[in-house]
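Below: one structure, written as structure tokens.
The values are calculated or read from the model by the stated rules, or taken from the named source; none is laboratory data. Everything quoted here is computed from the prediction, not taken from an experiment. When we count neighbours, we look across all protein chains shown, and the Cβ atoms used for this are built from the backbone with ideal geometry, even at glycine. The area values use the complete protein model at the heavy-atom level, side chains included, leaving out ligands, DNA and RNA. Shrake-Rupley method; radii C 1.70, N 1.55, O 1.52, S 1.80 Å.
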Number of protein chains: 2
Amino acid sequence: MRARAPASAANLGPGLDVLAVALDLYVEVEVEPAERLTVTSDGEGADLPAGASHLAARVASQVCGHDRLAIRVRSEVPVARGLGSSAAIALAAAAAAGADDPLAVAAREDGHPDNAAAAFAGGLVAVNGLDDGWRVSRLPLDTGLAFVAVVPDRTLETARARAALTAYVSRSDAVFNLGRLALLLEGLGDRRKLVPEATADRLHQGPRTPLFPEAPGLLAALVEGGARAACWSGAGPTLLGICEGGDAAAVADAGRAALADAGVAGRVLELHADVEGLVVGARAQLPG
Amino acid sequence: MRARAPASAANLGPGLDVLAVALDLYVEVEVEPAERLTVTSDGEGADLPAGASHLAARVASQVCGHDRLAIRVRSEVPVARGLGSSAAIALAAAAAAGADDPLAVAAREDGHPDNAAAAFAGGLVAVNGLDDGWRVSRLPLDTGLAFVAVVPDRTLETARARAALTAYVSRSDAVFNLGRLALLLEGLGDRRKLVPEATADRLHQGPRTPLFPEAPGLLAALVEGGARAACWSGAGPTLLGICEGGDAAAVADAGRAALADAGVAGRVLELHADVEGLVVGARAQLPG
């Protein structure tokens, strides 16, 4: 069976571990019965070891209960950049292997329920762990928004990014993020209301800046270049400028110039929200 | 001049100091020039000292720069119960005294910007302090919802309720509230999606329970009685059952029975969201 899942940007501004948006870069995974395990991988991540240790193989074997599978992975999603590549692969692999609840499998195997929820449902989502499983809230998203992703040519390991966070935060910082989360949801639902302050955050972006010292300058450049707001994507290093669709090219230019000014190698992608989420079956192929 | 402002329930579930809804109980304040200060007060709060120390007198004098004012206050909002009485009085007094920015005055003089924002804008709001002042986000609210207020015959001073909170919280509790805030906003915008877990919170309701030990039992009774969710209103002691409009009478009955069972004297009000907020001028009189 074949399944397709989109990239995603999690940890949007104040929404640490909660708020994510699906983006129009895709992973396609095909899982077929075979005599023995084979994994072929094209596109982004094709240089990773393609054997039993590949995330798609681990997830599909776990779902099927055996590894006599031919697995094919094609990906447009940069790996280990904070764009939800592993969640998309885990979700698509679980679905292609026939999982009843691919979201639960992906959240468990990959460990990023926020990315998995966005990849599953599409659009803008918040995720909550309730007693009976993951609850995905699909929240209003203004489809006139574009997402300019500044993707540095460096990886930032999630474990290291997670270790940068403190175990305790002041109550006033927690309240700060609650307020900004509401402000961000207002702005993502109606782009005319989106303001730069909406992505302000006191839980993760600051503590992670030592891991990517150029980030504040790049974020500021995106806003100066016309983005309505800017924030980290996931645990970075990808940075996101959120803008009017018609401003995306100008914001992308500003992102490229800022990367050059900062001496950071990387690329800039003009993305839009994906609103389909997980697609299983014949329609599940990469666009184009 | 005359102004009217609604009651409000702040600190809704996870939304400590951020999320508030305006409710259809009202305060009306009239401010007219006079030879010397007089304050007359009818309705709720009429037993409070009616002189220069009255909140309406303090606010109006401050706005006018003198106290040669005849001030009349009529209120339907129970005092010191967590229903935003003081914010409504401060807002209406500021507006009736001709303040350019009554929200800023009320937030400063009364100290509850969340209540003041709801009373100002009506409906469901989130408030953020930005560099240029208070930013009020008006968020989607399903008008099919009703709010059943269980109002004990006891006051709970905000200062004491505030002192019960801890200065630091775990990051996981902060994240928990962020997730629940998104879940609550989803449910308040579409009542079919409102679930009891949406008002779960780890920042304020638990720490304040020793000040009102019967609260958890009363909240549970509201949900068992048909409310989709239940939470504290402001810093309490009022508790709120959020329900379908058609279920309000049954939920109110459950609230009365639970008060009786717990041996707590009090009353139960069936309220709805106010969507007008602050009204200034001839239309600003109490309904009925």
| field | Projected-area average for the protein assembly as shown over all orientations - Cα convex hull basis, square nanometres | value | 27.8
| Stretchable slack from B:Q285 to B:M1, in nm (0.36 nm times residue separation minus alpha-carbon distance) | 101.1 nm
| remark: One point scatterer per Cα, no solvent, Debye formula: log10 I(q)/I(0) for region A:1-104 at q = 0.10, 0.11, 0.14, 0.24 Å⁻¹ comes out as -0.26, -0.31, -0.49, -1.23
| field | Shielding by partners, peptide B:8-17 (average Cβ within 10 angstrom, other chains) | value | 2
| Over what distance in Å are the Cα centres of region A:98-159 and region B:186-257 separated? | 30
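Is region A:153-210 best put as rounded, prolate or oblate by its Cα gyration tensor, with a ≥ b ≥ c the root eigenvalues, rounded for a/c under 1.5, and otherwise prolate when a/b is larger than b/c, oblate when not?
On the way: a/c = 3.15, a/b = 1.47, b/c = 2.15.
Oblate is the answer for region A:153-210, as a/c is 1.5 or above yet b/c matches or exceeds a/b.
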| note | For A:A146, other-chain or 5+-apart residues with amide H closer than 5 Å (H placed, Pro excluded) are A:C243, A:E244, A:G245
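Counting other Cβ atoms within 10 Å, which GluC sites (Glu not before Pro) in region B:14-53 have at most 11 and lie in a DSSP loop? Please report the intermediate quantities before stating the final value.
Details: sites: B:E28, B:E30, B:E35, B:E44; in loops: B:E35, B:E44.
Here the sparse-neighbourhood loop sites are B:E35.
Pairs of alpha-carbon atoms within less than 8 angstrom and 6+ residues apart define the contacts here; what relative contact order does region B:145-271 have, in percent? Don't skip to the end; give the middle numbers.
Numbers: 212 pairs, mean separation 50.7, N = 127.
That works out to 40 percent.
If you take every DSSP beta bridge whose two residues both sit in region B:2-139, what share of them, in percent to the nearest 5, is antiparallel? Show your work: numbers first, answer last.
Details: 25 of 31 bridges.
Beta bridges within region B:2-139, antiparallel portion: roughly 80 percent.
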| query | Copy-to-copy spacing for A:G246, label 7 Å out on the Cα-to-C-beta vector, in nm, shortest first? | reply | 4.5
| task | Please calculate the 1.4 Å probe accessible area of B:D47, with all protein chains present, and give it to the nearest 10 Å². | result | 130
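Restricting to Cα pairs below 8 Å that are 6+ residues apart, what does the relative contact order work out to for chain A? Please round to a whole percent. Provide the component values of the computation, followed by the final result.
Values: 711 pairs, mean separation 74.0, N = 288.
For chain A, the relative contact order is 26 percent.
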| field | Shielding by partners - mean other protein chain Cβ count within 10 Å, residues of A:184-190 | value | 4
| said: Over chain B, with a Gaussian network built from C-alpha contacts below 10 Å, which listed residue (B:A149, B:A235, B:A262) shows the highest mean-square fluctuation? | reply: B:A262
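Just the C-alpha atoms of region A:69-112: what Rg/Rh do they give, with Rh taken as the Kirkwood radius? Intermediate values should be presented prior to the final figure.
Numbers: Rg = 10.4 Å, Rh = 10.8 Å.
Checking Rg against Rh, the ratio lands at 0.97.
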| query | Shortest first, in nm, what separates the label point of B:G129 from those of the same position in the other copies (7 Å along Cα→Cβ)? | reply | 3.3
| request: Could you pull the copy-to-copy label distances for B:G43, with points set 7 Å along Cα to Cβ, in nm to one decimal and sorted shortest first? | output: 6.2
| task | Once every Cα of region A:202-280 carries one equal point scatterer and solvent is ignored, give the base-10 log of I(q)/I(0) from the Debye formula at q = 0.15 Å⁻¹, two decimals. | result | -0.53
| task | Return the long-range amide H neighbours of A:R267 (sequence gap of 5 or more, or a different chain), with a cut-off of under 5 Å between placed amide H atoms. | result | A:V151, A:D153
| said: Under 8 Å for C-alpha pairs, at least 6 residues apart: give me the relative contact order for region A:2-139, rounded to a whole percent. | reply: 29
| query | Are there trypsin sites (Lys or Arg not before Pro) in region B:89-165 that DSSP puts in a loop and that have at most 15 other Cβ atoms within 10 Å, and which ones? | reply | B:R154
| field | Principal axes of chain B: Cα extent on each, largest first, Å | value | 56, 43, 34
| query | Using modelled amide H (1.01 Å from N, peptide plane; none on Pro or chain starts), what sits under 5 Å from the amide H of B:A70, excluding residues fewer than 5 places away? | reply | B:E32, B:A34, B:T38
| When N counts the residues of region A:87-234, how does its alpha-carbon radius of gyration compare numerically with 2.2 N^0.38 Å, as a ratio? | 1.13
